[in-house]
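See below for the structure under consideration.
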């Protein structure tokens, strides 16, 4: 890796950037447990205000489960709910682990992820090897702030003690990218690992 850049830190999202995620297994699992057609789940489930509040620990797992079951008009046990909810996780994306290993030799790398109390124990265990490569992980339900809100990014910047202009952010959500850019962070939307490599290249870091 060659670094001809003033970039001192890189902030990574996790799902869709470091490892794959998919809502399809959640929908299929809940539909099977509830005995309904998957289309019923797909049409009614979404990231609403309760979802956002769950990601900042404003509501409990019990409250979130009850809300989702009410919206979906299904009856799921906590075990069935969590089994489906945690089926979202797929493999580490190709090349990302080796890229992160290289990067950590040249810049500081941290994570800022929107997540919740049910998901976090699962991804922390499943991806423990690649997560160990990061200096620190900022999880929304722990810092009680979520992307794209400025507060979430500022918590990370305060920890790093680095000005936004010397920081890069990678995320698969455009709203989160715009939130980072509003603070002066150089941010890139990611749809594949190639987008990460290109974002680095544009900032003088050749992977």
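Remarks
Yes or no, residue by residue, for (1) out of contact with any helix residue (DSSP H, G or I) (no Cβ under 7 Å at 6 or more places or on another chain); (2) free of Cβ contacts under 8 Å to residues at least 40 places away in the same chain:
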{"site": "75", "(1), (2)": "no, no"}
{"site": "78", "(1), (2)": "no, yes"}
{"site": "87", "(1), (2)": "no, no"}
{"site": "100", "(1), (2)": "no, no"}
{"site": "119", "(1), (2)": "no, yes"}
{"site": "133", "(1), (2)": "no, yes"}
{"site": "139", "(1), (2)": "no, yes"}
{"site": "142", "(1), (2)": "yes, no"}
{"site": "146", "(1), (2)": "no, no"}
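- Per this entry, residue 53 is counted among residues that are free of Cβ contacts under 8 Å to residues at least 60 places away in the same chain, surrounded by fewer than 18 Cβ atoms within 10 Å (Cβ to Cβ), farther than 22 Å from residue 177 by Cβ and out of contact with any strand residue (DSSP E or B) (no Cβ under 7 Å at 6 or more places or on another chain).
- Taking the criterion of being in a loop (DSSP other than H, G, I, E, B) and exposed (fewer than 15 other Cβ atoms within 10 Å of the Cβ), the residues of region 14-29 that qualify are 22, 23.
- Of the helices (runs of 4 or more DSSP H) lying entirely inside region 34-126, the ones with 1 or more residues being closer than 30 Å to residue 2 by Cβ and either within 22 Å of the chain's Cα centre (by Cα) or not assigned by TED's automatic domain parsing to the domain that holds residue 169 (or both) are found at 96-103.
- Members of region 155-193 found to be within 27 Å of residue 118 (Cβ to Cβ) and either in the same structural domain as residue 52 (by TED's automatic domain parsing) or more than 17 Å from the chain's Cα centre (by Cα) (or both), listed by number: 159
The values are calculated or read from the model by the stated rules, or taken from the named source; none is laboratory data. This one's a predicted model, so the numbers in the text were calculated from it and none came from an experiment. Note that we place each Cβ from the backbone using ideal geometry, even for glycine, and neighbour counts take in every protein chain shown.
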